[in-house]
Amino acid sequence: MLAQRKPRPTLLTSESYAEIDRWLAKYPPERKQSAVMAALTIAQDQNGGWLTSELVNEIADYLEMPAVAVQEVATFYSMYEHKPVGQHKICVCTNVSCMLCDSERIVKHLQQKLGIGFGQITPDGKFSLKEVECLGACVNAPMMLIGKTYYENLTPEKIDDILARLN
Amino acid sequence: MATIEIDGKPYTAEVGQMLIQVADANGVEIPRFCYHEKLSVSASCRMCLVEMEKAPKPVPACATPVMDGMKVWTRSPKALTAQKAVMEFLLINHPLDCPICDQGGECELQDISVGYGKDASRYGEEKRVVFDKNIGALIATEMTRCIHCTRCVRFGQEIAGIQELGALGRGEHTKISTYIGQTVDSELSGNMIDLCPVGALTAKPSRFNARAWELQQLDSIAPHDGIGSNIHVHLRRNEIIRVVPKQNEAINEIWLSDRDRFSYQGLTAEDRLTVPMIKKEGQWQPTDWETALQAAATGMKQIVEKYEPDQLGGLASATATLEELYLLQRVIRGLGSDCVDHRLHQIDFADQAHAPLFPYLGMPIAEIERCNTALIIGSHLRKEQPLLNHRLRKASMNGAKVMFINPIAYDFNDMRIAQQIITSPNDLITTLSGVAKALLVGKNNVIPQQLEDLLADTKVTEEQQTLAQSLETGDHRLILLGNLATSHPQFALIRALAVAIAKLSSAKLGYCAEAGNSAGAWLAGVLPHREAAGMPISTPGVNAYTMLNKGLKGYVLLGVEPELDSYDGAKALENLQKAEFVVSLTAYVTDTMKTYANVLLPISVFTETSGTYVNNAGTWQSFTAVVIPKNEVRPGWKVLRVLGNLLNVSGFDYDSSEQVRSEVCEKLGQKTTDNLNSWQVPNDLSARKIDGLQRITELPIYATDMIVRRASALQFTRDATSAKGVHVNSNVAAQIGATEANVVQVRQNAAKISLPLVIDERVPDGCVLIYAGQAENVALGSWHGWVELTA
């Protein structure tokens, strides 16, 4: 029979594959690509918050998709990162509602406190800062997202407190 | 049926049709960029917005299905405002570089902006800039010009079958790109250039060579595969600038394979022969036509007189025209020899007397996509005939069961393959016997008793059983024999078994033509056993293989480089060099040619001569010359006509190629071919004895004939560069202790050469894949046999 030309999976752990398989099971077998977003998230989580092209390739092989199609998804959604991020990725909303509630002050405070700008990582690798669009928490603007937690009604003092706790 | 109203006029339409289709069918113009009739609807450009009754907003005509009683306005103030607004948005980021853009003058964006754009831009901010990527030798990119219509992306997904381009990023940051550093390698990639509505993707080989309005458009037929794609040749002052497809839904639709599109570069190759040359006292010298033709005629006559007539052989390429081929066999036969052949890739001629009239596809090309069940035996169809493969792929997407029996696990661009059996060339007979046996159960008197008896001891494997079962489903069934079958050392047996399988499964049987005019070569009688129109000859001459392998005293070559074009190039070269007299009618001159030839006659190639090609489906397509050949180059049929006159062959007074054509036509009359009754019942079904690693030989897509081999851009594609070296799978590599890129010793018979090793998991165990048409491999000799590898 024909030998498969696929490289052996090397980067993703068996736990990650098990997790991807759990998602694959939700879709018909010929629609493996339906699991691409979940697979990318799983790969990103395993890799410390960002995706490498090797990971994208591996997912493409596993889901039997062209690599460029996986990359299309990975570059379309802003949740996927293509450069290293800090241990805590701080996403600050600067969209209309937050802006009206002075998110500029929040951003300035964060930048001063951490000594980094958007798209940068603190030297100790703990934090990185990212500007994002509306995350749907306008009712409690200004807000930010760290990891999977929303922090709302932000003030500089509250930020100091949150960062201290994360440290 | 639905009746709708567009701009106040009533039209009837099918329910489910999109508005834009109805408008197009009735000549109502709606501007568009992303919509394309051959691609899925993406509705991303919004240029086709029209006003619809009872709809609050304008709707995209490309994505709005018609409903009975629908009223639509394409030029109302509301529609025009929407269209103009979209136009303005599209132009925000589009650079104003039309004067240096290759698309300028034939640009959809440019054309539509004349009608819908403003005379001045209101946009004063910075424009988007996208850096260009190198995506290969055929397509030039200027991605700042891209308007994100995604036609190229959809073409990859839907037509080429392999998505190589994607829309990365989103919104303003969207970029059409390949995946990190990759190239576009599809054999149909050139079509993306045609589809691109702007100058983002343009043809690299013709980039910056001409402006669209300087070009003259003339029609011709592409010579490189059995499809016979219809083409427009674009010329400026007698120079071919580029080749683009001409729509013919029955043949190539609107597509063109890269081989047919870019091969024109070979016409102006540096080694083009432009004056007749003769060898005098060992020295080559240019001469005039009279001297050269006289020398050719004298030389040929001498061979016939000194030895026997059948010591003179004629060998022709099936890329020559029907007229050239017909006249060549008439010249050779006029001298009393029946040694004339075009089947240079073949070795088994055992049943040639029973072969069909010509290699017929078994059905019209467009019928292929209506097949429900297809079995392809021995074919890398995707590279042999890219557009035939496209039809088959369409059938598979429509749910047809497509199966392959191949020596290599070829990649068939995401075609839905029901089953693929990989079998070494040697096991092919056993596999086919197994399938035939499986089908035989419960059927009487379908195939001759003699064949039934031969199959009696055949064992059927599970794999063969499954395939046989699938073959008995569907209404339209097709068995197709590919080029790897034709060149197989047991081709006659394969044919017999294929016929048996076809009869037993009530399928049609088809052959894949090897070159653009293979069918024409059969009909023209460039065969040792048949004259034109299939008239049998009682005592046939010798076939191409024997001519080149046993050696003759004299040869007439028409458009061939036998060392690269024949089954055993090494032996062919040796015998040509031993021959007393060789005249080559050729478009090119090489150092190798000079070692064996005595007279070189410069003939024209496909765009420079009038002529006819007969395609795989038996369609005759005639064309006229579109360029005047350089210097002393003359159309082959004229050269052969004069040669016929000089040799006093009777009836050689043709004034035009049309006369030659009608002569063949008359001889052919109403004759048709019947693939299912053209075969010979075999006496034996046993495979050959295995004696080492089996050589598998494929003639790669960009080495099929003299012109293609000289098309420079094509030679830089992955299909061309990956045809080098000796390909084995990792098991075989491990056995000989070699790894990728190691140089290994390859021994075949007495020949021994060094080639880089390529690990290729498509190759089965016990086999070696070595490509044909490669100068480095010629010394190895025949296309099949036993190979020894040492690290």
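Brief remarks on what is shown
- The criterion of being surrounded by 14 or more Cβ atoms within 10 Å (Cβ to Cβ), in contact with a helix residue (DSSP H, G or I) (Cβ under 6 Å, 6 or more places away or on another chain) and farther than 30 Å from residue B:781 by Cα holds for residue B:660.
- The number of residues in the stretch B:187-202 that are in a helix (DSSP H, G or I) and either polar (S, T, N, Q) or within 8 Å of chain A (Cβ to nearest Cβ) (or both) comes to 1.
- Scanning the stretch B:418-477 for residues that are β-branched (Val, Ile, Thr), more than 25 Å from residue B:769 (Cα to Cα) and in contact with a Lys or Arg (Cβ under 9 Å, 6 or more places away or on another chain) turns up B:446, B:447, B:458, B:460, B:473.
- Selected residue (criterion: surrounded by the most Cβ atoms within 10 Å (Cβ to Cβ)) from residues of the stretch A:47-79 that are hydroxyl-bearing (Ser, Thr, Tyr) and within 11 Å of chain B (Cβ to nearest Cβ): A:75
Rundown of residues vs (1) in contact with a strand residue (DSSP E or B) (Cβ under 9 Å, 6 or more places away or on another chain); (2) among the hydrophobic types (A, V, I, L, M, F, W, C); (3) in a strand (DSSP E or B), yes/no style:
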| position | (1), (2), (3) |
| --- | --- |
| B:541 | yes, no, no |
| B:555 | yes, no, yes |
| B:560 | yes, yes, no |
| B:594 | yes, no, no |
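- Members of the stretch B:639-671 found to be over 24 Å from residue B:302 (Cβ atoms), in a helix (DSSP H, G or I) and not acidic (Asp, Glu), listed by number: B:657, B:659, B:660, B:661, B:662, B:664, B:665, B:667, B:668
- Residue B:20 being part of a helix (DSSP H, G or I), touching a helix residue (DSSP H, G or I) at 6+ places or on another chain (Cβ under 7 Å) and at pLDDT 95 or above: yes
- Residue check for residue B:760: under 22 Å from residue B:379 (Cβ atoms), within 14 Å of chain A (Cβ to nearest Cβ) and over 27 Å from the mean Cα position of the chain (by Cα): no
- Remark: residue B:667 matches the filter, which requires a residue to be out of contact with any Lys or Arg (no Cβ under 8 Å at 6 or more places or on another chain) and more than 21 Å from residue B:427 (Cβ to Cβ).
- Out of B:435, B:460, one residue alone is in contact with a helix residue (DSSP H, G or I) (Cβ under 6 Å, 6 or more places away or on another chain) and surrounded by fewer than 24 Cβ atoms within 10 Å (Cβ to Cβ). It is B:460.
- Of the residues making up the stretch B:726-749, those that are buried (at least 19 other Cβ atoms within 10 Å of the Cβ) and either polar (S, T, N, Q) or in a strand (DSSP E or B) (or both) are B:726, B:727, B:728, B:729, B:744, B:746, B:748.
- Subset tally (residues that are within 12 Å of chain B (Cβ to nearest Cβ) and either loosely packed, with under 15 Cβ neighbours inside 10 Å or among the acidic types (Asp, Glu) (or both)) for the stretch A:80-109: 1
Each row is one residue, and each column tells you yes or no for (1) in contact with a Pro (Cβ under 6 Å, 6 or more places away or on another chain); (2) touching a residue at least 40 places away in the same chain (Cβ under 8 Å); (3) assigned to a helix (DSSP H, G or I).
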| position | (1), (2), (3) |
| --- | --- |
| B:305 | no, no, yes |
| B:320 | no, yes, no |
| B:348 | yes, yes, no |
| B:368 | no, yes, yes |
| B:376 | no, yes, no |
| B:383 | no, yes, yes |
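- Evaluation of residue B:270 against (1) within 35 Å of the chain's Cα centre (by Cα); (2) acidic (Asp, Glu); (3) within 13 Å of residue B:601 (Cβ to Cβ) (one fails), failing number: (3)
- Residues that are more than 17 Å from residue B:771 (Cβ to Cβ), at pLDDT 90 or above and among the small types (Gly, Ala, Ser) within the stretch B:731-753 comprise B:733, B:734, B:737, B:738, listed in sequence order.
- For the stretch B:86-107, the condition holds for no residue, the condition being that it is in a loop (DSSP other than H, G, I, E, B), within 14 Å of chain A (Cβ to nearest Cβ) and closer than 30 Å to residue A:69 by Cβ.
- Taken together, the residues in the stretch B:23-37 that are surrounded by fewer than 16 Cβ atoms within 10 Å (Cβ to Cβ) and in a loop (DSSP other than H, G, I, E, B) amount to 4.
- Verdict on residue B:40 being within 42 Å of the chain's Cα centre (by Cα), surrounded by fewer than 17 Cβ atoms within 10 Å (Cβ to Cβ) and in contact (Cβ under 8 Å) with a residue 60 or more places away in the chain: yes
- Test: residue in the stretch B:227-242 that is within 30 Å of residue A:54 (Cα to Cα), modelled with pLDDT of 95 or more and touching a Gly at 6+ places or on another chain (Cβ under 7 Å): no
- Scanning the stretch B:161-181 for residues that are more than 8 Å from chain A (Cβ to nearest Cβ) and more than 24 Å from residue B:254 (Cβ to Cβ) yields B:171, B:172, B:173, B:174, B:175, B:181.
- Condition check for residue B:134: more than 10 Å from chain A (Cβ to nearest Cβ), of a type in the set (S, T, N, Q), in contact with a strand residue (DSSP E or B) (Cβ under 9 Å, 6 or more places away or on another chain) and free of Cβ contacts under 8 Å to residues at least 60 places away in the same chain: yes
- Subset tally (residues that are surrounded by 24 or more Cβ atoms within 10 Å (Cβ to Cβ) and farther than 28 Å from residue B:307 by Cα) for the stretch B:523-554: 1
- Count - residues of the stretch B:203-236 that are touching a residue at least 40 places away in the same chain (Cβ under 8 Å), part of a loop (DSSP other than H, G, I, E, B) and over 26 Å from the mean Cα position of the chain (by Cα): 2
- Condition met for residue B:37 (touching a Lys or Arg at 6+ places or on another chain (Cβ under 9 Å) and either of a type in the set (Asp, Glu) or within 23 Å of residue B:191 (Cα to Cα) (or both)): no
- Test: residue in the stretch B:260-267 that is in a helix (DSSP H, G or I), within 33 Å of the chain's Cα centre (by Cα) and either farther than 30 Å from residue B:195 by Cα or charged (D, E, K, R) (or both): yes
- One residue alone among B:176, B:180 is of a type in the set (A, V, I, L, M) and either touching a residue at least 40 places away in the same chain (Cβ under 8 Å) or part of a loop (DSSP other than H, G, I, E, B) (or both), and that residue is B:180.
- For the condition buried (at least 19 other Cβ atoms within 10 Å of the Cβ), under 19 Å from residue B:255 (Cα atoms) and within 10 Å of another protein chain (Cβ to nearest Cβ), residue B:184 does not qualify.
The values are calculated or read from the model by the stated rules, or taken from the named source; none is laboratory data. Owing to the predicted nature of the structure, the values given are computational and were not obtained by experimental measurement. Positions of Cβ are generated from backbone atoms using ideal geometry, with glycine treated the same way; all protein chains shown enter the neighbour counts.
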